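Novice: Can you keep this structure in mind? I'll have questions shortly.
Where a number appears in this text, it was derived from the coordinates with a stated rule and is not lab data. Just so it is clear, the structure is predicted and the values come from calculations on it, not from any experiment. Cβ placement follows ideal geometry from the backbone for every residue including glycine, while neighbour counts extend to all protein chains displayed.
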Amino acid sequence: MELTEKQIASELIYDGKIITLYRDDVLLPNGKTGVRECIRHVGAVCVAPVTDDGRVVLERQFRYPFGSVLTEIPAGKLDGKEEDPESAARRELREETGAQAEEMIFLGDYYPTCAYSDEVIHMYLARGITFGERSLDEDEFLNVQLVSLEEAVADVLNGTIKDGKTQTTLLKAYLWLKENRR
């Protein structure tokens, strides 16, 4: 069965700092029309920085939509669609935690909300971590902590860590390290 939908009209609803929202009319596979609301996003990166002694660098940050402090890995949006994701991951890691990585390992792409957004988050494992000074954005407030990777994975599995990109990246990093011990 054909599954592709074809855009026949598009209306810009909102153009913001982080997202752009469109209302699109589409031709469905059965020949009828439908409406899709779609958030366009420049893309993002996230990094699971794992130290030589097996600890992962985590952040605690207030997330306004949920009204609570969440535990996450370092992450941020690309400066533009043309920005190299690994460079962005290195930048976000340094800015948010002061850490730099000797090695960045690409773990894959994560589609956080594929039903209504085209956002892609590029996931990385960082190794060979050294620490320096942070340079947070003016509106960024977060606490950094180091936790054993095993404890972080347990927190993913028991529901303590709720952020999807963090869950996926930590589990992928854990499995990658288990399979590629060197």
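Novice: On a 27 Å Cα-Cα criterion, which of the cross-link pairs LYS6/LYS172; LYS17/LYS172; LYS32/LYS81; LYS32/LYS165; LYS81/LYS178; LYS81/LYS165 come out too long?
Specialist: Listed pairs above 27 Å: LYS6/LYS172; LYS17/LYS172; LYS32/LYS81; LYS32/LYS165; LYS81/LYS178.
Novice: How large is the translational diffusion coefficient of the chain in µm² per second when you combine the Kirkwood radius over alpha carbon pairs with Stokes-Einstein at 10 °C and 1.306 mPa s?
Specialist: Answer, rounded: 89 µm²/s.
Novice: Using alpha carbons only, how many degrees (0 to 90, rounded to 10) separate the axis of helix 164-179 from the longest principal axis of the chain?
Specialist: Taking the Cα atoms of the chain, the angle to 164-179 is about 50 degrees.
Novice: Do the sum for the chain: with -39,500 (n - 2.57) for every DSSP H run of n ≥ 4, divided by all residues, what is the mean residue ellipticity at 222 nm, to the nearest 500 deg cm²/dmol?
Specialist: -6500 deg cm²/dmol
Novice: Which of VAL153, VAL147, VAL45 has the fewest other C-beta atoms within 10 Å, and how do the rest follow up to the most?
Specialist: Neighbour counts put them in this order, fewest first: VAL147, VAL153, VAL45.
Novice: Could I ask something else about it? Which order do the peptides 127-139, 90-102 come out in when sorted by mean C-beta neighbours inside 10 angstrom, highest first?
Specialist: By packing density, highest mean first, the sequence is 90-102, 127-139.
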